[in-house]
Amino acid sequence: MITSAIIPRPLARLPWRLIFLVTGIATFGLIVLYSAAGGSIRPWAMKQAIVFFGFLSIAVGMSWMKESTIKSITFPLYGATLVMLIGVEALGFVSKGAQRWLDLGPIRLQPSEFMKPAIVLTLARFYELVPAGEIRKWRAIWPAMALLGVPAFLILVQPDLGTCIMVVLCGITVMFLAGLPWWIFAAPAAAVAVAAPIAYQLMHGYQKKRIDTFLHPENDPLGAGYHIAQSKIAIGSGGLWGKGFLHGSQSHLDYLPEGHTDFVFATMAEEWGLVGGVILICAFAAVIRWGMRVSQNARTRFAQLAAAGLSATIFFYVSINLAMVMGLAPVVGVPLPLVSFGGSAVMTVMLCLGLLMALERQQRTVARLA
Amino acid sequence: MKHMRITTAHQSLTFSRRMMLLGGAQAVVGGVLVGRMGWLAIAQNEKYQLLSESNRVQLIPVPPRRGWIIDRNGKPIAINRASFRVDIIPQQLEKDRDIVPEVARLLALDEDDVERIRSELSESRGFRPVQVAENVAYEQYAAVTVRLPDLPGVQATRGYSRYYPDGPAVAHLVGYVGTANAKEYEAENKNPLLIIPGFKIGKQGLEKSLEPYLRGEPGGQRVEVTARGKLVKELEPKPDRSGRTVQLTIDQGLQQYAARRMGDESGALVAMDVTTGDMLAFVSMPAFDPNSFSEGIGRTEWRMLSENDHIPLLNKVTQGLYPSGSTIKPAMALAFLKQGIDPKRRVVCNGGYQIGNRYFRCDAVHGAMDMHSAIERSCNTYFWATGLITDPEQTTEMVNYLGYGEEFDLPIPAQRYGTMPSPKWLEKKYHRKWQGYDSANTSIGQGYVLINPLQLAVMPARLAGGKLIQPQLLMAKARKPIPELAVDPAHLDIIRAAMTSVVNDAGTAVASKLPLDGIKMAGKTGTAQVFRLGERGHQSNWALRDHALFIAFAPADKPRYAIGCIIEHGGFGASAAAPIVRDSMTYLFDQQKAWAALAPLEQQWGGSLAERNARQLATFKKASRPVSA
């Protein structure tokens, strides 16, 4: 926090450290997009810059929201998002094709994106309402499961496996922090561990093949394993210092597919090397840590759970994308927030950050009053 | 689930604990990601850098120029001739414009070609050229060249194609080249060089067996290409290395002369240096034109060649097997001498000889014959009678020693080495005892005796030089010292003297004396029965006529060269084969005289070899048009 006589108070009270960090990450992302386009701000970097600064202003604006306001809009927001999800599903059913977005004139809304912060806020609000003594009761568990399960199922059948996993992980994180008993998490985890090999045996050939491709992408370098194989080549060939700005052959010669969206990290790593990658990862870690600090310093249970859940959202975004790009997870289509080209991920992350900034401002004001 | 009271304070404690856990888990995940990236970028950097380079850089092979084949004096036998070719580079084609019909019209291509080009274009990968046509005539090449600005993607280039200046004369010696087929491509582990448009490999003869020397090392144009095969930029090229020149022991002039001297006959001629074993001529006629084979032979020409009863597709020198006839007699005589037969011993020829219940008829009533006169006048009776009083096993041993039945170490694929029968062989092969008539048949080169024309030449070469020479084809091959023949030199003199009389005194080939002063030729005629004993002499049916054979060496007193020649169904050896050998031998000593002898003959046959071949093809095409249409 910058305190100076020259800078007006409202400005000085903004969490500048976070804003610098986020702007830094996004700027680096713009540089990578500039290179991915062969050294041109078109077609991606320019568009992305506008989208980023637009959503950054919105996030900063959101930081003046009161906690009570956030609480009051939580359930309506959840409800509206759920209705939109059902709407998308119905629309997809009518047009006989997979659909993820609602066309609202000039804007395309992807309701599953809203669901990520919405589920966090909703579960945080729910557990705030549950009395401390009831937390280990069945009453505290099944409503949360329903609140999480219904949208997760709707997103899964879109089908959008990546977002579904994200929503479920965010929800589970909040439930975990709320203090649900251990077995709620341990039992399903154990069940999955036991069931996975059996399920693999029962799978269809093509489903097995997808899993095999993930485990051994080298065996199918021109087929489904192509993305992972080329991405690993891009990262691995970058070495410590990278091939240099605008010198990534994998991305420039189109060997790396989706080099400006989901696999933008590989494009970056090829040109900036391990050093660039570690810097980027550390920057994200700092953003997430900032969010976790907000949670730790929170005075209310809602703020605690919401801040942790929102930070976790950003964490899952980044870690799932990186694991996928480095060949540690199957390709599920999760972009790298602030870096990948595309508005929806920026929007979601900015919504999360806006809410986090609002919660943080609340803490400071409360602290001042105390 | 344990029932205990959980307070707000308790809940707050749980939250802090679980936050620690979550933070820790996040740190672990972050650590794993950084570790993984380090593993990829540092530990496996080399591997991925290699993969990235192999993605980025592609090599367009540049075919090497094929090595020449030259004769012992450096004259060309197989060379490369500039030729014109037209290719299409798929990535440079304009979209929505089909230029194939236009190019096909300019080059006068037929529908088959157009279809092939279309299918290759649909399978090709961007920067690799697809062949439209090769060996394009200059006018058509020029027609394409001037329209190049209007034909994006079309490339007209000068390349090289194989050329054999002597055409059919060297066909069976050098073979020919051709585009690699799928099997050859697989056999070389899918060598990308083999599928470059216009690249040819040796398919037969020396072109095939000397392939490793002749091919050379391909160079390459290194280019940077995108994943879609679009060329981005050209990098530093890797130079190619031409194939090595191979020098043969062949005398190109003699080779061509002998091939032409054979006229329209079907036969083979081998000439050798008796001191070294160097082969000076290796002729099998008639033959196909290796030039048209290397360009991909037309269907009509192929049919003409395969339907010809003179079998132009067979290499008669190493794969034709014939009874040796009387040309075996000098070897027989040497075997008799070794077994102690007195050369002065006389046998009276009454025109035939009775063995068991069969009467063998000689060509004439020769009267009293000793060894010299029996060879000179080719008296069968002498050899029948003497064969019966000698050991057939030992006789065969000597004949084999002089080259019959032997397989030679030559870079010529597929040699058939024939048969020289002996009692042991007969027992093993036909499970019967050697009879008197077997000795009789063998001693005049009939019966089971089968030799190839190469062996036919090796025998007089060994007799003449007195050395156990081995036929050689490659100049560069390391030579071992040649051992002397393990026979009494006095015996060899007897044989040589008799062979000299064959040509120069009262022998069977006196009509074929060399037209040279001071140089005499020694020889031996042979007439091998094809059909049936007793119906010798002239037959109107070509295929039933006897094979004519002649072996010779010269100069008779100081042997230098030896020649073996067979004319299929030529009739008497003295009349069909000996004059060809005489003229070829003349060529070795006096080329002008030899050419002078050939000129009137070629006029009589109706033009030179090339002219006659062209006429033959034209006639055949005309005759077969209704059939093929």
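Among the helices (runs of 4 or more DSSP H) contained in segment B:400-501, which hold 2 or more residues that are touching an Asp or Glu at 6+ places or on another chain (Cβ under 8 Å)? Explain how you work it out, then say what you get.
Working: elements: B:423-430, B:436-443, B:453-465.
Because the criterion is at least 2 residues that are touching an Asp or Glu at 6+ places or on another chain (Cβ under 8 Å), the helices (runs of 4 or more DSSP H) in segment B:400-501 that meet it are B:423-430, B:453-465.
Return the residue satisfying two criteria in turn: it lies in segment A:31-58 and is surrounded by 19 or more Cβ atoms within 10 Å (Cβ to Cβ) and free of Cβ contacts under 8 Å to residues at least 40 places away in the same chain, and of such residues it is farthest from A:Val294 (Cα to Cα).
Ranking the qualifying residues of segment A:31-58, first place goes to A:Tyr34.
Got at least one residue in segment B:169-192 being within 14 Å of chain A (Cβ to nearest Cβ) and surrounded by fewer than 18 Cβ atoms within 10 Å (Cβ to Cβ)? Working first, answer last.
First, pick out the residues of segment B:169-192 that are within 14 Å of chain A (Cβ to nearest Cβ): none.
Checked against the condition, which is being within 14 Å of chain A (Cβ to nearest Cβ) and surrounded by fewer than 18 Cβ atoms within 10 Å (Cβ to Cβ), segment B:169-192 yields no hits at all.
Do we have any residue at all in segment A:16-38 that's modelled with pLDDT under 90 and either among the small types (Gly, Ala, Ser) or part of a loop (DSSP other than H, G, I, E, B) (or both)?
Looking through segment A:16-38, at least one residue is modelled with pLDDT under 90 and either among the small types (Gly, Ala, Ser) or part of a loop (DSSP other than H, G, I, E, B) (or both).
Within segment A:149-183, how many residues turn out to be crowded, with 16+ Cβ neighbours inside 10 Å and more than 19 Å from A:Ile320 (Cα to Cα)?
Number satisfying all stated conditions: 9.
Under 7 Å between Cβ atoms, which residue pairs at least 6 apart in sequence (or on different chains) link something in segment B:308-322 that is without any contact (Cβ under 8 Å) to a residue 40 or more places away in the chain and acidic (Asp, Glu) with a partner that is part of a loop (DSSP other than H, G, I, E, B) and crowded, with 23+ Cβ neighbours inside 10 Å?
Within 7 Å, no pair qualifies.
Among the residues of segment B:512-524, is there at least one that is in a helix (DSSP H, G or I) and either touching a residue at least 12 places away in the same chain (Cβ under 8 Å) or assigned by TED's automatic domain parsing to the domain that holds B:Glu568 (or both)? Break it down stepwise before answering.
First, pick out the residues of segment B:512-524 that are in a helix (DSSP H, G or I): B:512.
Still in the list and also either touching a residue at least 12 places away in the same chain (Cβ under 8 Å) or assigned by TED's automatic domain parsing to the domain that holds B:Glu568 (or both): B:512.
Yes - at least one qualifying residue is present in segment B:512-524.
Inspect all residues belonging to segment A:286-294 and state whether any of them is closer than 13 Å to B:Leu33 by Cα and assigned to a helix (DSSP H, G or I). Before you say what the answer is, go through the steps one by one.
Applying the first criterion (closer than 13 Å to B:Leu33 by Cα) to segment A:286-294 yields none.
No, the conditions are met nowhere in segment A:286-294.
Search segment A:78-89 for residues that are assigned to a helix (DSSP H, G or I) and pair each with any residue that is of a type in the set (D, E, K, R) when their beta-carbon atoms are under 8 Å apart and the residues are at least 6 apart or on different chains.
Sorted first by the residue in segment A:78-89, then by its partner, the pairs are A:Val88/A:Arg100.
Condition check: more than 8 Å from chain A (Cβ to nearest Cβ) and part of a helix (DSSP H, G or I). Does B:Gly35 satisfy that?
On the way: more than 8 Å from chain A (Cβ to nearest Cβ): yes; part of a helix (DSSP H, G or I): yes.
Judged against the criteria, B:Gly35 is a match.
Could we say that A:Leu240 is facing chain B (nearest Cβ under 10 Å) and in contact with a strand residue (DSSP E or B) (Cβ under 7 Å, 6 or more places away or on another chain) here?
Working: facing chain B (nearest Cβ under 10 Å): yes; in contact with a strand residue (DSSP E or B) (Cβ under 7 Å, 6 or more places away or on another chain): no.
Answer is no for this residue.
Taking A:Gln250 as meeting all but one of (1) at the interface with chain B (Cβ under 9 Å from one of its Cβ atoms); (2) surrounded by fewer than 24 Cβ atoms within 10 Å (Cβ to Cβ); (3) not hydroxyl-bearing (Ser, Thr, Tyr), write down the number of the exception.
Of the numbered conditions (1) at the interface with chain B (Cβ under 9 Å from one of its Cβ atoms); (2) surrounded by fewer than 24 Cβ atoms within 10 Å (Cβ to Cβ); (3) not hydroxyl-bearing (Ser, Thr, Tyr), the odd one out for A:Gln250 is (2).
Among the residues of segment B:163-203, which ones are among the small types (Gly, Ala, Ser) and in contact (Cβ under 8 Å) with a residue 40 or more places away in the chain? Write out each step before concluding.
We begin by selecting, within segment B:163-203, every residue among the small types (Gly, Ala, Ser); these are B:167, B:169, B:171, B:175, B:178, B:180, B:182, B:187, B:198, B:202.
Of everything in segment B:163-203, those that are among the small types (Gly, Ala, Ser) and in contact (Cβ under 8 Å) with a residue 40 or more places away in the chain turn out to be B:Gly167, B:Ala169, B:Ala171, B:Gly175, B:Gly178, B:Gly198.
Test A:Ala306 against the stated conditions and say whether it is within 26 Å of A:Val51 (Cβ to Cβ), within 14 Å of chain B (Cβ to nearest Cβ) and either over 14 Å from the mean Cα position of the chain (by Cα) or in contact (Cβ under 8 Å) with a residue 40 or more places away in the chain (or both). Working first, answer last.
On the way: within 26 Å of A:Val51 (Cβ to Cβ): yes; within 14 Å of chain B (Cβ to nearest Cβ): yes; either over 14 Å from the mean Cα position of the chain (by Cα) or in contact (Cβ under 8 Å) with a residue 40 or more places away in the chain (or both): yes.
Against the criterion (within 26 Å of A:Val51 (Cβ to Cβ), within 14 Å of chain B (Cβ to nearest Cβ) and either over 14 Å from the mean Cα position of the chain (by Cα) or in contact (Cβ under 8 Å) with a residue 40 or more places away in the chain (or both)), A:Ala306 qualifies.
With respect to B:Gly153, is the statement that it is closer than 20 Å to B:Val86 by Cα, touching a Leu at 6+ places or on another chain (Cβ under 9 Å) and of a type outside the set (Phe, Trp, Tyr) true?
Details: closer than 20 Å to B:Val86 by Cα: yes; touching a Leu at 6+ places or on another chain (Cβ under 9 Å): yes; of a type outside the set (Phe, Trp, Tyr): yes.
In short, yes.
Scan segment B:573-617 for residues that are touching a Gly at 6+ places or on another chain (Cβ under 8 Å) and among the aromatic types (Phe, Trp, Tyr) and report the count.
2
Looking at segment A:254-268, can you tell me whether even one residue there is assigned to a loop (DSSP other than H, G, I, E, B), at the interface with another protein chain (Cβ under 8 Å from one of its Cβ atoms) and either more than 21 Å from the chain's Cα centre (by Cα) or polar (S, T, N, Q) (or both)?
Initial filter on segment A:254-268 (assigned to a loop (DSSP other than H, G, I, E, B)): A:254-263.
Subset that is at the interface with another protein chain (Cβ under 8 Å from one of its Cβ atoms): A:254-255.
With either more than 21 Å from the chain's Cα centre (by Cα) or polar (S, T, N, Q) (or both) added as a condition, the list becomes A:254-255.
Yes: one or more hits.
Which residues, counting only those in segment B:39-63, are buried (at least 16 other Cβ atoms within 10 Å of the Cβ) and part of a helix (DSSP H, G or I)?
Once the filter is applied, which keeps residues that are buried (at least 16 other Cβ atoms within 10 Å of the Cβ) and part of a helix (DSSP H, G or I), segment B:39-63 yields B:Leu40, B:Ala41, B:Asn45, B:Tyr48, B:Gln49, B:Leu51, B:Ser52, B:Asn55, B:Arg56.
Please enumerate the residues belonging to segment A:313-368 that are among the hydroxyl-bearing types (Ser, Thr, Tyr) and either within 12 Å of the chain's Cα centre (by Cα) or under 30 Å from A:Ile233 (Cα atoms) (or both).
Within segment A:313-368, A:Thr313, A:Tyr317, A:Ser319, A:Ser340, A:Ser344, A:Thr348 qualify.
Go through segment A:271-303 and count every residue that is more than 30 Å from A:His260 (Cβ to Cβ), more than 8 Å from chain B (Cβ to nearest Cβ) and surrounded by fewer than 19 Cβ atoms within 10 Å (Cβ to Cβ).
So the answer is 4.
Is at least one residue of segment A:311-330 of a type in the set (Val, Ile, Thr) and away from chain B (no Cβ under 14 Å)? Talk me through it step by step, then tell me what you get.
Keep residues of segment A:311-330 that are of a type in the set (Val, Ile, Thr), which gives A:313-314, A:318, A:320, A:325.
Add one more test, that the residue is away from chain B (no Cβ under 14 Å), and what stays is none.
Looking through segment A:311-330, none of the residues is of a type in the set (Val, Ile, Thr) and away from chain B (no Cβ under 14 Å).
Within segment A:230-246, restricting attention to residues that are of a type in the set (A, V, I, L, M, F, W, C) and surrounded by fewer than 24 Cβ atoms within 10 Å (Cβ to Cβ), which residue is nearest to A:Thr213 (Cα to Cα)?
Per the criteria, the residue is A:Leu240.
Looking at B:Lys200 and the list (1) out of contact with any Phe, Trp or Tyr (no Cβ under 8 Å at 6 or more places or on another chain); (2) over 26 Å from B:Thr318 (Cα atoms); (3) not hydroxyl-bearing (Ser, Thr, Tyr), which single condition is not satisfied?
(2)
Determine, yes or no, whether A:Ile41 is assigned to a loop (DSSP other than H, G, I, E, B) and aliphatic (A, V, I, L, M). Let's see the steps before the verdict.
Working: assigned to a loop (DSSP other than H, G, I, E, B): yes; aliphatic (A, V, I, L, M): yes.
Yes; evaluated as a whole, the condition is true for this residue.
Name the helices (runs of 4 or more DSSP H) wholly inside segment B:296-346 in which the number of residues that are hydroxyl-bearing (Ser, Thr, Tyr) and at pLDDT below 85 is 1 or more. Lay out the reasoning, then the answer.
Details: elements: B:299-307, B:316-319, B:329-338.
Those helices (runs of 4 or more DSSP H) span B:299-307.
Could you go through segment A:154-171 and let me know if any residue there is farther than 19 Å from A:Met84 by Cβ and within 14 Å of chain B (Cβ to nearest Cβ).
yes
Can you name the residue in segment B:597-619 that is small (Gly, Ala, Ser) and farther than 13 Å from B:Asp264 by Cα and, of all such residues, is surrounded by the most Cβ atoms within 10 Å (Cβ to Cβ)? Walk me through it before giving the result.
Filtering segment B:597-619 down to residues small (Gly, Ala, Ser) leaves B:597, B:599, B:606-608, B:610, B:614, B:618.
Cutting the leftovers down to farther than 13 Å from B:Asp264 by Cα gives us B:597, B:599, B:614, B:618.
Working: B:Ala597: 17, B:Ala599: 10, B:Ala614: 13, B:Ala618: 10.
Ranking the qualifying residues of segment B:597-619, first place goes to B:Ala597.
When segment A:122-148 is examined, which residues are found to be crowded, with 17+ Cβ neighbours inside 10 Å, within 17 Å of A:Trp182 (Cα to Cα) and of a type in the set (D, E, K, R)?
Across segment A:122-148, the qualifying residue is only A:Arg136.
Among B:Glu211, B:Glu224, B:Glu217, which is the only one that is farther than 20 Å from B:Leu474 by Cα, away from chain A (no Cβ under 14 Å) and either in contact with a Leu (Cβ under 9 Å, 6 or more places away or on another chain) or at pLDDT 80 or above (or both)? Step through it out loud before you land on a result.
Details: B:Glu211 fails: farther than 20 Å from B:Leu474 by Cα; B:Glu224 fails: away from chain A (no Cβ under 14 Å).
Result: B:Glu217 is the single residue among B:Glu211, B:Glu224, B:Glu217 that is farther than 20 Å from B:Leu474 by Cα, away from chain A (no Cβ under 14 Å) and either in contact with a Leu (Cβ under 9 Å, 6 or more places away or on another chain) or at pLDDT 80 or above (or both).
The values are calculated or read from the model by the stated rules, or taken from the named source; none is laboratory data. Computed from a predicted model, the values in this text were never measured in an experiment. Quick reminder, even Gly has a Cβ in these numbers, built from the backbone with ideal geometry, and neighbours come from all protein chains shown.
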